[in-house]
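The values are calculated or read from the model by the stated rules, or taken from the named source; none is laboratory data. Please read these numbers as outputs of a predicted model, since none were measured by experiment. Glycine also receives a Cβ, built like all others from the backbone with ideal geometry; neighbour counts cover every protein chain displayed. Quick note on the areas: whole protein, heavy atoms, side chains included, nothing else; ligands and nucleic acids left out. Shrake-Rupley method; radii C 1.70, N 1.55, O 1.52, S 1.80 Å.
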Amino acid sequence: MKNENKIQYIYGIADNALILGQRLSELCGHGPNLETDIAMTNMALDLLGQTRSYYQYVAQLSGDDKTEDDIAFLRSERQYKNVLLVEQPNRHFGYVITRQFFYDVFHLLLLQELQNSSDETLSAIAKKGIKEVSYHQRFSSDWIKRLGDGTEESHQKVQEAIDDLWRFTDELFHMTDDDDMALQDNIGVNTIALKERYVQMVKEVFDEATLTIPETKWFQKGGKQGVHSEHMGYLLSDLQYMQRAYPNMKW
Amino acid sequence: MKNNWPLWEVFVRSKNGLEHRHFGSLHAADAEMALENARDVYTRRNEGVSIWVVESKHITASNPENSEELFDPAQDKVYRHPTFYTLPDEVKHM
Amino acid sequence: MSEKEVKNIGAEQSRSLEEIFDQRIARDEKIEPRDWMPEKYRKTHIRQISQHAHSEIVGMLPEGNWISRAPSMRRKVALLAKVQDEAGHGLYLYSACETLGISRDELYEQLHTGKAKYSSIFNYPTITWADIGAIGWLVDGAAIINQVPLCSTSYGPYARAMVRVCKEESFHQRQGYEIMMTLAKGTPEQKELAQDALNRWWWPSLMMLGPTDAESVHTEQSMKWKLKRKTNDELRQQFIDQTVPQADLIGLAIPDPELKWNEETGHYDFGEIDWDEFWQVVKGHGPCNKERLSARVNAWEEGEWVRDAAMAYAEKQDTKKLKKVI
């Protein structure tokens, strides 16, 4: 597999961690209480840490003097390959937890496969990530249950978030051309094969939480091709602000 | 609703071989959450390998007003300490 | 015995209890939560510890303002971890305060209604990235000077919380100074950012160490209870003496034309602090008082349904367990 394709493959994983980490870090200082604030910041730190490992590897693969920061901050919107799910805004805690849960379940299944990658660096990043993401998944599953089977109000709010966000979950399993190539070389993961287990895991938690998966006929997609929602531009304006306003400087 | 999360006490074992030590307290709605919060709050810098949490209301504490009757009587029981017993200098390790 | 006589005996007894109490503190013994303590001691500690806790969590806001815009990945994770630490410190301090028989919710209530104060420095805005450097270097620097002596204060839970806080804080000031140093060594534009931030944060940082000794109402009592080891003016002098050489080292100028080394005293002389500004900010007229408070109130109010849900869930689970047992 060509380096450029491999890099694109890695973006497909790493950009999710960056964008979700960015979204979570927007919440630091605004959580429903101190303990939860601290916990969610830990997840943000895990995700940003993973992002750095992937980007540092990409920088190394690129061979020029690119850095993790060039990759994180200086691409154009179309060059980010994260799924639409992770860029969705922090509307209320129910949305934050649902978005997290939908991603965590997928993330865990993905890393469990990626640890068998023939690419040693990716395999190592995945192995380290599994420990972190197992905890994320536990955290978000527990909260889904609390909100779902908590009060009437919380049930309604989290179900509303689910109904709104479920349409973004199908994209998690789409295979791009780069994904196909990575799979052929035993570097990447067959995400299509993860879907059945995914739905089953989500359903198990929802059953306990008295929540339901909505019947969605139409799923949204585009992020993996770099066609993002309108939210993405604002997210990037924040993320890239310093690097764009003060180019070519050391920080 | 004004139902506030109860207070929990957190005990952390810093490494195997050491006892759990009181680290502090926090609020959580249930035991599972208390454990998770304790992990996130008190072991951010690798401080622990094992955590206990107990809801604060379950701890029974001695009353400091009774501390004289509870603890002073132990002060003069010198025979409980090795230095109370005289041995010849020749006996080196005992 | 008349009622008056009974009262007198009561007063006599509590006076002697108070004498014993004062002697314990003078001997450097720690006071623990369930020990007898004068009501004034309890109240003063609730006020100071909660004020300290509030400062930590309000202090998350000006810095949190830059997490999403941090200029590099390394700076982003460091800042995020630092702001998270402040949440942790707030939590340790609220916990210490709760041992005095007041709940965290009551303390929040005092903050949200404006009854309790927090450090005024956090009512200034962070308008450039360099402000994050200045806060770490100056604000945390001043905070450390205030906090280190508290590690040996008389109230056990407060002292223990402060030991943990000080241990964790040690990276905060370095983080800030490193940001300032990088900017000062950078392009002219970056250096200007750094100098501008220093200009804006210098005087508020000096004010952070509290009103002058002549104006300070609590000092004597606080000294006795080891809530304070040095006076505000002494702490301020210490801060200036240690900070000026740090500014020199990275080529930034302290914005005080009267600042001058005094051979005789072995300290820096410095210019007049604008105490009018200080009291205005304390009274709520700082640039961001309203924003800070409403951010805290919003987070708390918007979180209510979440906290309620978790309690309701926990209660349902308990009932389920109970049914199983039966």
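The modelled label-to-label distance for the pair C:VAL217/B:ALA61, using points 7 Å beyond Cα in the direction of Cβ, is 3.0 nm. Of A:ASP207, A:ASP177, A:ASP69, the order by accessible heavy-atom surface (1.4 Å probe, DNA, RNA and ligands excluded), from most exposed downward, is A:ASP177, A:ASP207, A:ASP69.
Along the positive direction of the dipole of region C:13-273 (beta-carbon charges: Lys, Arg +1; Asp, Glu -1; about the Cα centre), which of C:GLN23, C:PRO255, C:ALA184 reaches farthest? Most positive-ward Cα: C:GLN23.
Look at the dipole of region B:2-58 built from charges on Cβ: of B:ALA31, B:ILE51, B:LEU18, the Cα furthest out on the positive end belongs to B:LEU18.
May I ask you to derive the FRET efficiency for B:GLU90 and B:ARG13 from their Cβ-Cβ distance with R0 = 35 Å, giving the value to the nearest 0.05? Calculated transfer efficiency: 0.25.
Other residues lying with their Cβ under 15 Å from the Cβ of A:GLY129 contribute a combined charge of -2, Lys and Arg counting +1, Asp and Glu -1.
For region A:3-245, the fraction of C-alpha pairs farther apart than 25 angstrom is 39 percent. Using bins of 5 Å that start at zero, the share of Cα-Cα pairs per bin across region B:2-58 amounts to 5, 22, 32, 22, 12, 5, 2, 1, 0, in whole %.
So which of A:LYS2/A:LYS66; A:LYS250/C:LYS76; A:LYS6/C:LYS76; C:LYS40/C:LYS115; A:LYS66/C:LYS76 end up more than 21 Å apart, counting from Cα to Cα? Pairs exceeding 21 Å: A:LYS6/C:LYS76.
Inter-chain neighbour count for C:185-191: the average number of beta-carbon atoms from partner chains within 10 Å of each residue's beta-carbon is 2. A simple count of charges around A:SER141, restricted to other residues whose Cβ falls under 13 Å of its Cβ and scoring Lys, Arg +1 and Asp, Glu -1, yields -4. Using Cβ point charges alone (K and R +1, D and E -1), the dipole size of chain B about the Cα centre works out to roughly 440 debye.
In chain A, the longest principal axis of the Cα atoms and the axis of helix A:93-114 are about 50 degrees apart.
Proximity of backbone amide H atoms, modeled 1.01 Å from N, is registered between B:PHE23 and B:VAL10, B:PHE11, B:VAL12 at under 5 Å, excluding neighbours fewer than 5 places apart on the same chain. Restricting region A:146-238 to chymotrypsin sites (Phe, Trp or Tyr not before Pro) that sit in a DSSP loop and have at most 15 other Cβ atoms within 10 Å of their own Cβ leaves A:TRP218, A:PHE219. Qualifying GluC sites (Glu not before Pro) in region C:201-256, where qualification requires a DSSP coil assignment and no more than 16 other C-beta atoms within 10 Å, comprise C:GLU215. Residue farthest toward the positive end of the dipole of region A:135-220, with Cβ of Lys/Arg at +1 and Asp/Glu at -1: which of A:LEU172, A:GLN200, A:VAL189? Sorting the options by dipole projection puts first A:GLN200. Look at where the Cα atoms of region A:157-209 and of region C:155-217 average out, and the two centres are 46 Å apart.
Dividing the summed helix terms, -39500 (n - 2.57) for each DSSP H run of n ≥ 4, by the number of residues in the protein assembly as shown produces a 222 nm estimate of -19500 deg cm²/dmol to the nearest 500. Direction-averaged projected area, Cα convex hull, the protein assembly as shown: 42.4 nm², rounded to one decimal. Looking at the calculated P(r) for chain C, what percent of the C-alpha pair distances fall above 29 Å? Value for chain C: 46 percent of Cα pairs lie more than 29 Å apart. Rounded to the nearest 10 degrees, the angle from helix B:31-42 to the longest Cα principal axis of chain B is 70 degrees.
What does the charge count around A:LEU27 come to, taking other residues whose C-beta lies under 13 Å from its C-beta (Lys +1, Arg +1, Asp -1, Glu -1)?
Its environment carries a net charge of 0.
With the whole protein complex present, C:THR319 retains an accessible surface near 70 Å², based on a 1.4 Å probe.
Remark: chain C carries a charge dipole of roughly 1600 debye about the Cα centre, counting +1 on each Lys and Arg Cβ and -1 on each Asp and Glu Cβ. Residues whose amide H lies under 5 Å from that of C:HIS267, counting only those 5 or more places away or on a different chain, are C:ASN262; hydrogens are built 1.01 Å from N in the peptide plane.
Taking trypsin sites (Lys or Arg not before Pro) that fall in a DSSP loop and have at most 11 other Cβ atoms within 10 Å as cut points, what is the longest piece of chain C between them? Intermediate results must be reported in sequence, preceding the final value.
Working: sites that count: C:ARG27, C:LYS115.
Longest gap between qualifying sites, sites excluded: C:116-326.
Centroid-to-centroid, using Cα positions, region C:82-149 and region B:29-43 are 22 Å apart. Starting from the Cα of C:THR113, step 7 Å toward the Cβ, then list every residue of region C:289-313 with an amide N under 18 Å from that point. Only C:293-294, C:296-298, C:300-301 pass the distance filter.
Compute the angle between helix C:156-184 and the longest alpha-carbon principal axis of chain C, please, reported from 0 to 90 degrees and rounded to the nearest 10. For helix C:156-184, the angle is close to 10 degrees. The longest part of chain A holding none of the exposed loop trypsin sites (Lys or Arg not before Pro), meaning those outside H, G, I, E and B in DSSP with at most 13 other Cβ atoms within 10 Å, is A:3-216.
Note on C:CYS151/A:ARG244: beta-carbon distance plugged into 1/(1 + (r/R0)^6) with R0 of 60 Å gives a FRET efficiency of 0.85. Computed from point charges on the beta carbon alone (+1 for Lys and Arg, -1 for Asp and Glu), the dipole magnitude for region A:3-245 about its Cα centre is near 60 Debye.
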